Amino acid sequence: AQKVTQAQTEISVVEKEDVTLDCVYETRDTTYYLFWYKQPPSGELVFLIRRNSFDEQNEISGRYSWNFQKSTSSFNFTITASQVVDSAVYFCALSEAIQGAQKLVFGQGTRLTINP
Amino acid sequence: DTAVSQTPKYLVTQMGNDKSIKCEQNLGHDTMYWYKQDSKKFLKIMFSYNNKELIINETVPNRFSPKSPDKAHLNLHINSLELGDSAVYFCASSLRTGGHTEAFFGQGTRLTVV
């Protein structure tokens, strides 16, 4: 069965610090997709990134970067020079395709608080 | 323009009542979903419809009945509401292209059963 573990329940850092959110996944599929979503205090879910299992290159988008390592089944997310607006709950998810639909299996989420 | 919109945003109701949550997407997607987020923030899929056909049904009590009149709409009807149904319900949609495109979520409906 698919499983995603975000072991860090809560993280609190001071603004401008770098912070890494961990994500470990389990799947028997050889082809799979991983996602990160952000849920700010306003409550909506915002898509951040999708990565397929064949692409192990790290991804950088501004202050955000993602480190995908198949050898350790991890897909970690780093925010560089954190800002107060980065405060949110972050979810890592694994996608399972079912007849054209996708079932997102989410981790428990990591609540990130950036203090001024 | 809102891509995935849900109504209402907040819903407070008494135990035993029947209520509906509506969802509409204007992205042209053919797959829609309902997810439930509990009080601990845990997100879990409930249903998925692909072009009005039920594809995923994750052992949800049959008091919950999704209805898809067309591929742009997926409504959730809940009968005989219970205290444990209190949660945030998210509608989402995605393209049916191998099943691994990103899902776009609505803003959520916070249901409180008293």
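The values are calculated or read from the model by the stated rules, or taken from the named source; none is laboratory data. All of these numbers come straight from a predicted model, not from anything done at the bench. For neighbour counting, all protein chains shown are included, and Cβ atoms are generated from backbone atoms with ideal geometry for every residue, glycine included.
What the table below lists for this structure:
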quantity	calculated
Flag for A:Phe77 being within 14 Å of chain B (Cβ to nearest Cβ) and either within 23 Å of B:Ala3 (Cβ to Cβ) or part of a strand (DSSP E or B) (or both)	no
Those residues of the stretch A:80-101 which are farther than 11 Å from A:Gln6 by Cβ, assigned to a strand (DSSP E or B) and touching a residue at least 12 places away in the same chain (Cβ under 8 Å), in sequence order	A:Ala88, A:Leu94, A:Ser95, A:Glu96
Flag for B:Ala87 being more than 29 Å from A:Ser53 (Cα to Cα) and among the hydrophobic types (A, V, I, L, M, F, W, C)	yes
Residue identified as within 24 Å of B:His29 (Cβ to Cβ), loosely packed, with under 12 Cβ neighbours inside 10 Å and at the interface with chain B (Cβ under 9 Å from one of its Cβ atoms) among A:Ser95, A:Ser61, A:Ser42	A:Ser42
The one condition in (1) modelled with pLDDT under 95; (2) within 14 Å of chain B (Cβ to nearest Cβ) that A:Thr110 fails to fulfil	(1)
Failed criterion for B:Leu74 (all others in (1) more than 14 Å from the chain's Cα centre (by Cα); (2) under 13 Å from B:Asp30 (Cβ atoms); (3) within 14 Å of chain A (Cβ to nearest Cβ); (4) not small (Gly, Ala, Ser) hold)	(1)
Selection status of B:Leu81, at pLDDT 95 or above and under 24 Å from A:Gln39 (Cα atoms)	no
Any hit, the stretch B:92-110, residues being more than 12 Å from every other protein chain (Cβ to nearest Cβ), over 12 Å from A:Ala101 (Cβ atoms) and among the polar types (S, T, N, Q)	no
Any hit, the stretch B:89-111, residues being buried (at least 22 other Cβ atoms within 10 Å of the Cβ), free of Cβ contacts under 8 Å to residues at least 60 places away in the same chain and not small (Gly, Ala, Ser)	no
Restricting the stretch A:10-30 to residues that are part of a loop (DSSP other than H, G, I, E, B) and in contact with a strand residue (DSSP E or B) (Cβ under 7 Å, 6 or more places away or on another chain), the residue that is surrounded by the most Cβ atoms within 10 Å (Cβ to Cβ)	A:Cys23
